[in-house]
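For reference, the structure discussed in these notes is given below.
Derivation of every value follows stated rules applied to the coordinates shown; laboratory data play no part. Owing to the predicted nature of the structure, the values given are computational and were not obtained by experimental measurement. Cβ coordinates were reconstructed from backbone atoms using ideal geometry, including for glycine residues, and neighbour counts include every protein chain displayed.
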Amino acid sequence: MLNKAKKQSVTLESLDKKIDLLARSTDKKIDELARSTDKKIDELARSTQSSFQKVNTLIEGLARITKSRFDEVDKRFDEVDKQFELIDARLDRMDARLAMLEKDVALLRENLIRRDTIDDIVARLEYLEKKMGVKV
């Protein structure tokens with residue numbers, strides 16, 4: 001029994017040593033893995049930050065181009081607005097002239113003899129000429 005107890009104690013002692021060795025080895029590997037992972041995360045963060053900076057630069061460039069184009073469109077609209085103002089002024093003058101023409105035509109109509117009245121007068125004159133024996 002003593003042999004058996006001695007074998008067990010030797011075996012337990014060697015198992016304890018092996019477990020300690022394995023624990024230290026595992027701790028060391030975990031530390032190395034953690035450092036390696038930290039480095040990779042840092043590299044990924046730097047790469048991501050660099051990519052975001054590039055994207056921000058592109059967005060800012062596109063924003064400048066877009067603003068420039070809108071400024072050009074605004075200038076063109078200003079020119080178009082000026083042209084419309086000129087056209088409006090011309091149309092106002094034309095409206096005034098047309099109103100004057102309408103008044104003139106109305107006055108002419110008031111002073112003109114209607115066609116059927118003229119036809120009637122001509123027929124009566126011809127009748128009188130015939131009756132009086134006047135040759136035309």
- Quick one: check the C-alpha center-to-center distance for the range 119-136 versus the range 49-107, whole angstrom. 70
- Item | Karplus-derived 3J(HN,Hα), 6.51/-1.76/1.60, for each residue of the range 113-126, Hz, glycine and proline x | 8, 5, 4, 5, 5, 4, 4, 5, 4, 4, 5, 5, 5, 4
- Message: Tell me the angle of helix 2-111 to the major Cα principal axis of the chain, expressed in degrees between 0 and 90 and rounded to the nearest ten.
- Response: 10
- Query: If the chain between L112 and D92 were fully stretched, how many nm would it gain, using 0.36 nm times the residue separation less the Cα-Cα distance?
  - Reply: 4.2 nm
- Message: Which one, L101, A89, F77, projects farthest toward the positive side of the charge dipole computed for the range 1-124 from Cβ point charges (K/R +1, D/E -1)?
- Response: F77
- Query: Kirkwood Rh over Cα pairs of the range 2-132 into Stokes-Einstein at 4 °C, 1.567 mPa s: D in µm²/s?
  - Reply: 47
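About its Cα centre, how strong a charge dipole does the chain have in debye, to the nearest 20, once Lys and Arg get +1 and Asp and Glu get -1 at the Cβ?
Numbers: 30 positive and 28 negative charges, 265 e Å.
Approximately 1280 debye in magnitude.
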